[in-house]
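Enquirer: Here it is, the structure in full.
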Amino acid sequence: MGKLTGTLVGLIALSASLGHGRVLEDLEQLDAAKESYDFVIVGGGIGGSTVASRLSENPHFNVLLIEAGPTNEGVIDIAVPGFFRNISSTYSWGHVTTPQIGLNNRSLPYDQARVLGGCSSHNAMVYTRGSSDDFDLWGRVSEDRSWSWKTLFPYFLRNEKLVPPPGGRDASGQYDPQFHAIKNAEQNKEIKFNLDVNSGKPSGLVWVQSTIGNGERCSAAVGVLGGKVKERPNLTILLNTQATRVLPSKESRKLDIRTVEIVSVSSELILSGGAFGTPHLLLNSGIGDKKELEDVNVTSIHHLPDVGKGLSDHPAFLVSWSANGVVRPVDTVAAFEEWQTNRTGPLTEIGIHQLMFARITPDAPLFKEHRDPAAGPNSPHIEIVVLSVGPRILASVGLMTPKSRGTVKIASNNPLDKPLVDLGYLTHPFDLLALKEGARITKRWFEGSAYEGFITGFLGPDPDTLPEREFNNALKAGAGTWWHPVGTASISPKGAKHGVLDPELKVKGVKGLRVVDASAIPYVPTAHTQAAVYVLAERASDLIKASW
């Protein structure tokens, strides 16, 4: 059968807190014969960390959290927000996609975290919930209206704590407290100033809200597993240990899975490996499309065809302008000294202060050919991130509502082989047309009177002057990813043959197995996905508690 594989810890010094005995550096420190657990959680990302923290609040629950990667503690590039681009590949799975048909057969490096805290330990820390429609869509897809913006809103409030920016900067006018200077926005009819991106109506020019506290990254490892949580006697965190399969019980008539290799649980096994890791683990365990499993010599134990299907993600591409600006480089040595001294200065942020979200107008020609995929009128189609301002303005234009879908499959019956990740980017014609409209929206923004005398020219690619084929080729040659995959183990109505999970996040047709991570989200939200996973995990924790 399968086994848990331990990996070496390298390049970091483990902090003293790992000596408590409840945070284990590798599998050898776990005495599975003597330990018994009510819940085992596979994956220490946002979903797994949140569930582990919430379940271990009950002293009667004995919880084991298994993370494939090392600790986040003591890693400066993770802790310092301004250093997030420097984070070592040690803390990544190193995925590379299959050749993308929609991107001229290019393969994309795809960064997914392999460290405690998951992607919250190495992402850009942007915190956007998405639109209220996104969460109401969960309820429509699952035919369970307990998944909705209204019911989930208290979980947002439970999960987050609004703190002031470092250095005492006044942030008034940059957020709306009830939901936790901008000349061109006053004049632009398409993108107006929006006080709070997290109000459920994100469209407009918004101030960035970030998962940063006291000048440091506040990942799931810090925010929900930090402080005294790790000291709870009923919580064990096992690091540097990759789970490769889940195993069925030989004693139950119905398919009952409460074992991950050598560790069994009395209540539930919870998978939180993320949109790539969870389907990879299920498929290697024989849970998926029977024919596809047989093709790679994996014995099927449960035919569940949608495992690894339905992947949706945000494609993005760059547009640029020439300008009269000047780049003022940061003195990194002095900035790091300031950060070490009092956690203030330029390294306490990522250098992006505002975002823009916009809807494509209803009379746009693409809607004559394609149905609007947005979850509702509050959901923007496009996000615009200005990456640099100086002699060249560079903006990343992302599609929030893609119709293209991808897959996660396995290449062989070796569970240590990496999954085959096909993002399916730009395989649906709507996505090309929508990104073209996104380029136009961005272009119109920078044509506003606020930029007169500053911008000297549009460098493209220009959707209004290039022939359609030439623009599309430029898009396919340059498009990339924002690393927001979801949907590979999607929720669906109870009793429905499609989907992977029921509305309570239980794997269909299996007892004792639940999924809590981005793979459960049916469509990529109009947001950076960490907030959606946090709120999913908060509610999942209550669902699990209610079952036991």
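The values are calculated or read from the model by the stated rules, or taken from the named source; none is laboratory data. In this text the structure is predicted, and so the values were computed from the model without any measurement. Here Cβ is always computed from backbone atoms with ideal geometry, including for glycine, and neighbour counts include all displayed protein chains. The area values use the complete protein model at the heavy-atom level, side chains included, leaving out ligands, DNA and RNA. Shrake-Rupley method; radii C 1.70, N 1.55, O 1.52, S 1.80 Å.
Enquirer: Binning at 5 angstrom from zero up to the longest distance, how are the C-alpha pair distances of the range 84-142 distributed in percent?
Expert: Taking every Cα pair in the range 84-142, the percentages come to 4, 15, 15, 13, 14, 21, 15, 3, 0.
Enquirer: For the range 309-326, take each phi angle, set θ = phi - 60°, evaluate the Karplus expression 6.51 cos²θ - 1.76 cosθ + 1.60, and give the result in whole Hz per residue in order, putting x for glycine and proline.
Expert: For the range 309-326, the Karplus-derived couplings read 9, x, 5, 10, 7, 9, x, 8, 8, 9, 10, 8, 9, 8, 8, 8, x, 10 Hz, x marking Gly and Pro.
Enquirer: Something else: Starting from the range 246-337, pick out the GluC sites (Glu not before Pro) whose DSSP state is loop and whose Cβ has at most 10 other Cβ atoms within 10 Å. The partial results should precede the final answer.
Expert: Details: sites: 251, 261, 268, 292, 294, 337; in loops: 251, 261.
Here the GluC sites (Glu not before Pro) that fit, given the DSSP loop and packing criteria, are 251.
Enquirer: Do the sum for the chain: with -39,500 (n - 2.57) for every DSSP H run of n ≥ 4, divided by all residues, what is the mean residue ellipticity at 222 nm, to the nearest 500 deg cm²/dmol?
Expert: Details: 13 runs with 124 residues, N = 548.
Helices in the chain give a 222 nm mean residue ellipticity of -6500 deg cm²/dmol.
Enquirer: Still on this model: At a Cα cut-off below 26 Å, give the lysines reachable from residue 443, other chains included and same-chain residues fewer than 8 away excluded.
Expert: Within the straight-line cut-off, residue 443 pairs with 183, 189, 192, 201, 368, 403, 476.
Enquirer: So, one more: Between the range 394-466 and the range 226-260, how many Å separate their Cα centres?
Expert: If you average the Cα positions of each part, the centres end up 39 Å apart.
Enquirer: Below 12 Å, Cα to Cα, which aspartates and glutamates can residue 497 reach? Residues fewer than 8 away in the same chain don't count.
Expert: 306
Enquirer: Could you pull the accessible area for residue 155 with a 1.4 Å probe, rounded to 10 Å²?
Expert: 40
Enquirer: Binning at 10 Å from 0, report for the chain what percent of all alpha-carbon pair distances ends up in each bin.
Expert: Going from the shortest bin to the longest, the percentages are 4, 18, 29, 27, 15, 6, 1, 0.
Enquirer: Report, to two decimal places, the Cα Rg of the range 324-400 normalised by 2.2 N^0.38 Å (N = number of residues).
Expert: Details: Rg = 19.0 Å, N = 77, 2.2 N^0.38 = 11.5 Å.
Taking the Cα Rg and dividing by 2.2 N^0.38 Å, one obtains 1.66.
Enquirer: Want the number for residue 333 to residue 494: 0.36 nm per residue separation, take away the alpha-carbon distance, what's left?
Expert: Contour length minus the Cα-Cα distance gives 52.3 nm.
Enquirer: I would also like to ask the following. Where does the charge balance sit around residue 121 when Lys and Arg score +1, Asp and Glu -1, over other residues with C-beta under 11 Å from its C-beta?
Expert: Values: positive: 114, 217; negative: 67, 73, 77.
For residues surrounding residue 121, the net value is -1.
Enquirer: Enter the accessible area per residue of the range 224-267 (Å², integer; probe 1.4 Å; all protein chains in place). Please report the intermediate quantities before stating the final value.
Expert: Details: 2030 Å² over 44 residues.
Here the residues of the range 224-267 average 46 Å² of exposed surface.
Enquirer: Sequence neighbours fewer than 8 away in the same chain don't count; with that in mind, list the lysines whose C-alpha is under 16 Å from residue 291.
Expert: Hits, sequence-local ones excluded: 309, 409.
Enquirer: Go through the range 29-91 and name the trypsin sites (Lys or Arg not before Pro) that are in a DSSP coil and have 13 or fewer other Cβ atoms within 10 Å of their Cβ.
Expert: On the way: sites: 34, 54, 85; in loops: 34.
Filter output for the range 29-91: 34.
Enquirer: Can you give me the Kirkwood hydrodynamic radius for the range 387-514, using every pair of distinct Cα atoms, in Å to one decimal?
Expert: Details: mean 1/r = 0.0545 Å⁻¹.
When all Cα pairs of the range 387-514 are included, the Kirkwood radius is 18.3 Å.
Enquirer: Another question about this same structure. In the range 433-523, which trypsin sites (Lys or Arg not before Pro) fall in coil by DSSP and have 12 or fewer other Cβ atoms within 10 Å? Could the numbers behind the result be given before it?
Expert: Working: sites: 436, 440, 443, 444, 469, 476, 494, 497, 506, 508, 511, 514; in loops: 494, 497, 508.
The qualifying sites are 497.
Enquirer: Now, a different point. Can you divide the C-alpha Rg of the range 270-418 by 2.2 N^0.38 Å and report the result to two decimal places? Write down the numbers at each step before the final one.
Expert: On the way: Rg = 22.7 Å, N = 149, 2.2 N^0.38 = 14.7 Å.
Expressed relative to 2.2 N^0.38 Å, the Cα Rg reads 1.54.
Enquirer: Next question, about the same structure. So what is Rg over Rh here for the range 463-537, counting just Cα atoms and using Kirkwood for Rh?
Expert: Values: Rg = 17.9 Å, Rh = 14.7 Å.
Taking Rh as the inverse mean 1/r over Cα pairs, Rg/Rh reads 1.22.
Enquirer: Given the chain, what percent of its DSSP beta bridges are antiparallel, to the nearest 5?
Expert: On the way: 46 of 69 bridges.
Roughly 65 percent of the DSSP beta bridges within the chain come out antiparallel.
Enquirer: Still on this model: Take the alpha-carbon centre of the range 491-548, take the same for the range 54-125, and report the distance between them in whole Å.
Expert: The distance from the Cα centre of the range 491-548 to that of the range 54-125 comes to 20 Å.
Enquirer: Place a label point 7 angstrom from the Cα of residue 414 along the Cα-to-Cβ direction, then list the residues of the range 259-299 whose backbone nitrogen is under 16 Å away.
Expert: Backbone N within reach: 284, 296-298.
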